[in-house]
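Only one structure is covered here, and it is reproduced in the block below.
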Amino acid sequence: MAIIKCQECGREISDTADFCPHCGWNLKQKRKERAQKQAQKELDGCLSLVVKCALGLIIVGVISLIFFPEKPEVKKCKEECNENPYYDQFGWYTAGEKRNKCMKSCEIRYK
Ligand SMILES: [Zn+2]
């Protein structure tokens, strides 16, 4: 246990006391408030980190769209893949596989 100064009357009191024996200042309440504030601060820190990460990802996405837009040929090619997944130069696959392969080939073709 340590001796601290009462914030109200300035006299020395034990830091484990719940109340100042001189003026009745509520240490217990103060400790509780401080603990809550600290917990809130940590929570805020976590939240703001998550928000910052999300914002960062969005910004990176927007920037990459602005500076590296998908070429119109690739977009058109992919649209064709979507409409026509069975249109074929790779053999027969399921529609999903076909579509993915078709889209990949669009990216490669127009790079
Ligand atoms: Zn006091």
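The values are calculated or read from the model by the stated rules, or taken from the named source; none is laboratory data. Model, not experiment: these values are computed from the prediction. Don't worry about glycine lacking a Cβ; one is built from the backbone with ideal geometry, like all the others, and counts go over all protein chains shown.
Do we find a residue being surrounded by fewer than 11 Cβ atoms within 10 Å (Cβ to Cβ), within 24 Å of the chain's Cα centre (by Cα) and either modelled with pLDDT of 90 or more or in a loop (DSSP other than H, G, I, E, B) (or both) anywhere in the stretch 17-36? Scanning the stretch 17-36 turns up at least one residue that is surrounded by fewer than 11 Cβ atoms within 10 Å (Cβ to Cβ), within 24 Å of the chain's Cα centre (by Cα) and either modelled with pLDDT of 90 or more or in a loop (DSSP other than H, G, I, E, B) (or both). Checked against (1) of a type outside the set (Gly, Ala, Ser); (2) modelled with pLDDT of 90 or more; (3) surrounded by 10 or more Cβ atoms within 10 Å (Cβ to Cβ), residue 77 passes all but condition (2).
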